[in-house]
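Please read the structure below before turning to the comments.
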Amino acid sequence: MSKQFRHLKPYGKGAFVDRYTTRASELLKPYESGAKGAYGLVGLPLSKTSISHSGASFAPGAIREALSSYTVYSGEKGANLTEEIIDFGDVYLSPTNLIENQHTLYKALVDVFEAEVASNYFLLGGDHGVSYAAIKAYAEHQGNVGVIQFDAHHDLRNTEDGGPTNGTPFRRLLTDKIVSGENLVQIGIRDFTNAKEYHEYALEEGVTIYTMADVREQGIQPIVAESLATLAKKVDIIYVSLDMDVLDQAYAPGCPAIGPGGMDTDTLLQGITTLSEHEKVKAMDIVEIDPTIDIRNMTSRVAAYTILQFMKGKSL
Ligand code: CA
């Protein structure tokens, strides 16, 4: 007869179970054939193309894990989040073929979007370079895409100096005519973080820029409302690209590029919920978190929280 050990539990599982508490990580369900749902999630673990040293390839796992820190209940809304998040897993990437990897991300996401399994998507980077592939695949499937980018940086660097790094995704989206400048909104752009040429390039291309001074002076809600109203008239679908370094270094120690003068977490979370309440907002990427330099997973926890805020905005 096999012995039952009453006082032991499987390694790694949370120690305490409360009968009334559902952890947000329990919403994650591995993809199975025939699955359909409100939310899909794909990990895009590419960070070797980062200009600065980055372990952002570890972030998709860290963010999923951080979901276990939260419950599914929004007291502000008086509602539980009940919809599953269908987890497609992480894109398999080559350890050496970096340019091909960017194409692999694109092909993987074309497959996912064509399958039409979910109506909303969370795409977890990786460095910001993954957004080029993600938005390209999304635009091909969804039609004319507008992008709202939270970022300290324009990410409009030229590609001559280093190829398709994490500093270039929006430059490439504009030059390849995947997104037009007038359909790109950048929120949280910071001083002493960008070159003058790239600010001017953005304006020449018709990109809408809200600096951190704009965020401080106008507040996030009017900025988000204005961005949605302008974009919704022109595009079929709106994609949110969230570079976590839009946050001040105090709130996002796990970003490779940290600095002062950034957004506070509450402002970002409010912005994400207001965005997701709009019917045309259906996808969000979260990029530039390096769990190997994070402190107590603070930055991955913010990322997990933004996923829940997005779902809160969509919930009835
Ligand atoms: Ca960026």
Answer in debye to the nearest 20: the dipole magnitude of region 52-129 about its Cα centre, from +1 Lys/Arg and -1 Asp/Glu charges placed on Cβ, is 200 debye
Filtered hits (aspartates and glutamates, Cα-Cα < 17 Å from K136, offset >= 8 within chain) -> E100, D111, E114, E116, D127, D155, D176, E182, D236, D285
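Give the ranking of T104, T22, T168 by solvent-accessible surface, highest area first, calculated with a 1.4 Å probe. Can you show the working numbers first?
On the way: T104 35, T22 60, T168 0 Å².
Highest to lowest solvent-accessible surface, that is T22, T104, T168.
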The simple spin-label model distance between E114 and E76, using points 7 Å out along Cα→Cβ, in nm, is 4.0 nm
Distance in Å, no decimals, from the C-alpha centre of region 28-66 to the one of region 113-161 is 14 Å
For the pair S68 and T175, the simple spin-label estimate (label points 7 Å beyond Cα toward Cβ) gives in nm 4.4 nm
Quick tally, 1.4 Å probe accessible area for S74, S68, sorted with the most first, runs S68, S74
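At 0.692 mPa s and 37 °C, plugging the Kirkwood radius over alpha-carbon pairs of the chain into Stokes-Einstein gives what diffusion coefficient in µm²/s?
Working: Rh = 19.8 Å.
It diffuses with D of about 166 µm²/s by this estimate.
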Given chymotrypsin sites (Phe, Trp or Tyr not before Pro), DSSP loops and at most 12 other Cβ atoms within 10 Å, the longest exposed-site-free stretch of the chain is 193-316
Quick numbers on region 62-212, Rg and Dmax over C-alpha atoms in Å, give 17.2, 52
With all protein chains present and a 1.4 Å probe, the order of S69, S131, S25 from largest accessible area down is S69, S25, S131
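Suppose every Lys and Arg Cβ carries +1 and every Asp and Glu Cβ carries -1, with no other charges. What dipole size does region 10-98 come out with about its Cα centre, to the nearest 20 debye?
Numbers: 8 positive and 9 negative charges, 20 e Å.
Charge dipole of region 10-98: 100 debye, to the nearest 20.
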The answer for the longest stretch of the chain without any exposed GluC sites (Glu not before Pro) (DSSP loop, at most 11 further Cβ atoms within 10 Å) is 161-278
Heavy-atom accessible area per residue of the chain, all protein chains kept, 1.4 Å probe, expressed in Å², is 47 Å²
With a 31 Å threshold on alpha-carbon distance, the violating pairs from K36/K107; K48/K282; K9/K312 are K9/K312
In debye to the nearest 20, the charge dipole size for region 24-315, taken about the Cα centre with +1 at each Lys and Arg Cβ and -1 at each Asp and Glu Cβ, equals 340 debye
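If you stretched the chain out fully between T159 and S33, how much longer would it get, using 0.36 nm times the residue separation minus the C-alpha to C-alpha distance? If you can, show how the numbers build up before the last one.
Details: separation 126, 0.36 × 126 = 45.36 nm, distance 3.95 nm.
Extra length from T159 to S33 when fully extended: 41.4 nm.
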Rounded to one decimal in nm, the spacing of the 7 Å Cα→Cβ label points at S52 and T193 is 1.1 nm
Averaging 1/r across every pair of distinct alpha carbons in region 126-241 and inverting yields a Kirkwood hydrodynamic radius, in angstrom, of 14.2 Å
Residue separation between N144 and V17 times 0.36 nm, minus their alpha-carbon distance, gives in nm 41.1 nm
Sites removed, the longest contiguous part of the chain containing no DSSP-loop trypsin sites (Lys or Arg not before Pro) with at most 14 other Cβ within 10 Å is 178-295
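Using a 1.4 Å probe on the protein heavy atoms, what percent of the accessible area of region 84-235 belongs to carbon and sulfur? Kindly include the intermediate steps, with their values, before the conclusion.
Working: 3060 of 6350 Å².
About 48 percent, which is the carbon plus sulfur part of the accessible surface.
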The answer for Y39, listing residues at least 5 apart or on another chain whose modeled amide H is closer than 5 Å to its amide H, is I86, S119, N120
Taking R0 as 51 Å and r as the Cβ-Cβ distance between I293 and L316, the FRET efficiency 1/(1 + (r/R0)^6), rounded to the nearest 0.05, comes to 0.85
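The values are calculated or read from the model by the stated rules, or taken from the named source; none is laboratory data. All values derive from a computational prediction rather than experimental measurement. Every residue, glycine among them, receives a Cβ derived from its backbone with ideal geometry; neighbour counts consider all protein chains shown. We work out accessible area using only protein heavy atoms, side chains counted, and drop any ligands, DNA or RNA first. Shrake-Rupley method; radii C 1.70, N 1.55, O 1.52, S 1.80 Å.
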